[in-house]
Amino acid sequence: MLTLTVLLYIGAMGTSIGYAFYRDRKLEAASHITLIAAGILHTGLLLMLYRRTDLFPVFSMKEAAFMFAWAIAIGAILVSSIFKGTTPIIGFATPLVLLLIAASLLLRGSAPEISPLFNTDIFPVHVVLSLTSYGLFALSFVSSVMYVFQETSLKHRRVERITQWLPSLFILDDLGYKTLTIGLPLLTLGIITGALWADREFGSYWNWDPKETWSLIIWLAYVFILHGRISLGWRGKKFAWGSIFCFVLVVFAFIGVNFLFKGYHNF
Amino acid sequence: MKLIVVGLNHKTAPVELREKISLTDNEIPAVLRTVMSSPSIAECIVLSTCNRIEFYTVCEDQEKTVDAIATIMARDSGIEKDALPRYLYVHADRDAVTHAFRVASSLDSMIIGEAQILGQIKNAYRMASHNSTTGPILNRLMHRAFGVAKKVRTFTPIGLYTVSVSSVAVELAKKIFGRLSGKAVMLMGAGEMAEDAAKYLKDAGASRLIVLSRTFGHAAELAERLRGSAVEFDRLYDQLMDVDIVVCSTSADHYLITSDRMAKIIMARQHRPLFFIDISVPRNIEPSISSLESVFLFDIDDLNGVTSKNMKEREKAANEAEQFIEEETSRFVNWLGELSLVPTIVSLREKFEAIRQEELKEAITKLAAPTKKDIDILDGLSRGIVNKILHGPITEIKSVHRRGEALKDITLLRKIFRI
């Protein structure tokens, strides 16, 4: 089932890229349908993990990467279904999904001992909120990359090829912004629930664990670019680059921090 | 019965001639009536667009029909009838079907793949059927033609590539702004092409149109025509604060919009995107403004480059479409052939039935005291014999027909049975 899911994601990516080159409507539809199928299987896999252990499958880096991938995929499905003409996002989002699944598979198989610390009600909520916000940031990143792509092609007047295929700058800009306006509150809640959990377990809300510090940095970075957009009119290219930069921070906070620093976060 | 198309188009006749012959929607009903008054013609549709005037007919006699149509064309246009034939083309049967399908699919258009022709044919068909000048053959031909056109549009990328400067401008605007509703267009100068582009943008949903011209009178007149508002030329930079799309085509010999001033404006606009189309030669907008953030500038060469490239793509798509048309034509011609088979089969049956009735009557009179039962037996017997005899030939002729060798065999059949 996992293999099939991965194959479907590859299929969605392939057809979406094929659509970019051949602009055949059938390929566009195919990429959308394959992605939905992959998303359903992916959800099924998560549910199976949940039923096996009766725990939210979010206790190791391996599982978190898998869930992160899921959040991106579901987000891409929602976006491409809701906003007209945004199916090319599939071609950009699926590589991220596949990378995360690959990372999840490469990481050590057995989950670390689940310390009773984690086995509380609030912990899964903290993780799911944080990962969903990461998923939304990823989508914002993807639309920003597409924005930069489309913007460059318009600036260089390479109109004949790319403009037909990518969504309009307006939609991409809007998408990059809207995903952040949902993602940021979720991250905020994720941090708050994390703090509540930390208080219960360690007796203090904030312990300057590297992950905590980095979450705060990410939070500030996103607040910064959103603020710039709303009050200073940083839209378009500036905002797109901002979102891209912030997502690099997210990736670092998600993976890099664990390798460089030692903290009580498993991921 | 023959299916004939008589007409002329942009390839066979110059525009001066087409103008004279073309018909308005109001004139068409009368023309349809005149055509139908010719005894040879059973069905008729008249299609008149700026690029073609065509008569689709079902008739008995090709020559008489062509002559009747030429007479009508000459009468209404004041052109010598003898001068007409070299501009006309006549397609019969299979060729007529192919032609109808190609026209509906926009393969025969001046701009291949343009979408208007289908609507125009539908309109022509509607007028003909309102005037009851269509019958089973043209009805089916038209419905198939609409089907083929739809198929061509769905399965080939023929309509995907925009080929006019104005429509490229609209495409680009959509790629920047998404939807054009709520957007303001500013038209500078009054070239024909710029006017056309502005009109296209407005049709595509742009809500506001502002016209600027060196002479305010021109601007006012143009604004009136395009239902926009005219503005004094020296308020150019004020306007640049508000508008989203600028179409420029003035005859000035220097830059009217410079990079320096634009840089300040774009700051004040809070980076709301601004889309410039400069189709004036020499150019009136400083090219370096395109390095400013949120400013997109295209000049006439950019747009022309796109259109000629896209034209080639459309031609490629058209080749694909020809295959669909080939298949559909064969299917239609088959149906047409079967239709022509029907009268033969009917008269064959009628002939046999007549013989049967005759012999049956005679047999009954020869019987001394025929009971109802006797008559039934005789009736059943004769009917059985006739049906069994006819079964072979009718099945055969249908299958021969499907292989496309019908005509000779039908003639033979008619000879043998003297029908």
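Just so you know, all these numbers are worked out from the coordinates, no wet-lab data involved. Predicted model only: the values in this text are computed from it and were never measured. Virtual Cβ from ideal backbone geometry, glycine too; neighbours counted across all protein chains shown.
Before moving on, here are some points about what is shown:
- Chain A: Cα Rg divided by the 2.2 N^0.38 Å rule of thumb: 1.03
- Tilt relative to chain B, helix B:216-226 - C-alpha long axis, 0 to 90 degrees, to 10: 30 degrees
- Partners of B:Lys183 within straight-line reach, counting lysines whose Cα lies under 23 Å from its Cα and excluding those fewer than 8 residues away in the same chain: A:Lys84, A:Lys155, A:Lys178, A:Lys237, A:Lys238, B:Lys174, B:Lys175, B:Lys199, B:Lys202, B:Lys264.
- Within chain B, helix-based [θ] at 222 nm, where runs of 4 or more DSSP H residues each add -39,500 (n - 2.57), nearest 500: -19500 deg cm²/dmol
- Separation of the A:Asp24 and B:Asp253 label points, Cα + 7 Å toward Cβ, nm: 5.5 nm
- Least to most buried among A:Glu201, B:Glu27 (fewest other Cβ within 10 Å first): B:Glu27, A:Glu201
- For region B:2-155, the tally of Lys pairs with Cα-Cα distances below 28 Å comes to 19, considering only residues 8 or more apart or on different chains.
- Working from Cα pairs under 8 Å separated by at least six residues, relative contact order for region B:2-155 is 30 percent.
- Neighbours of B:Ser132, meaning other residues whose beta-carbon lies under 11 angstrom from its beta-carbon, give a summed charge of 0 when Lys and Arg score +1 and Asp and Glu score -1.
- Pairs of alpha carbons in the protein assembly as shown whose separation is greater than 42 Å (percent): 52 percent
- For region B:165-307, a/c is less than 1.5, where a ≥ b ≥ c are the root eigenvalues of the C-alpha gyration tensor. That puts it in the rounded class.
- Three-way shape label, region B:2-155, alpha-carbon gyration tensor, a/c 1.5: oblate
- Arranged from fewest to most other beta-carbon atoms within 10 Å of their beta carbon, B:Asp244, B:Asp67 become B:Asp67, B:Asp244.
- Per the Cα gyration tensor, region A:1-96 maps to an equivalent ellipsoid with semi-axes of 27, 12, 11 Å, ordered largest to smallest.
- Summed residue charge, Cβ within 14 Å of B:Ser259's Cβ, Lys/Arg positive, Asp/Glu negative: -1
- Antiparallel bridges, percent of DSSP beta bridges restricted to the protein assembly as shown (to nearest 5): 50 percent
- Taking every alpha-carbon pair under 8 Å whose residues sit at least 6 apart, chain A reaches a relative contact order of 19 percent.
- Average projection area in nm² (convex hull over Cα atoms of region B:336-417, one quarter of hull surface): 5.9 nm²
- Cβ-based net charge around B:Thr57, under 15 Å, with every Lys or Arg adding one and every Asp or Glu removing one: -4
- C-alpha long axis of helix A:169-202 to longest principal axis of chain A, angle in °: 0 degrees
- Chain A: angle of helix A:61-82 to the longest principal axis, Cα-based, in degrees nearest 10: 40 degrees
- Solvent-free Debye calculation, one equal scatterer per alpha-carbon of chain B: log10 I(q)/I(0) at 0.14 Å⁻¹ equals -1.18.
- Relative exposure of B:Ile137, A:Ile218, A:Ile10, judged by other C-beta atoms within 10 Å (fewest first): A:Ile10, B:Ile137, A:Ile218
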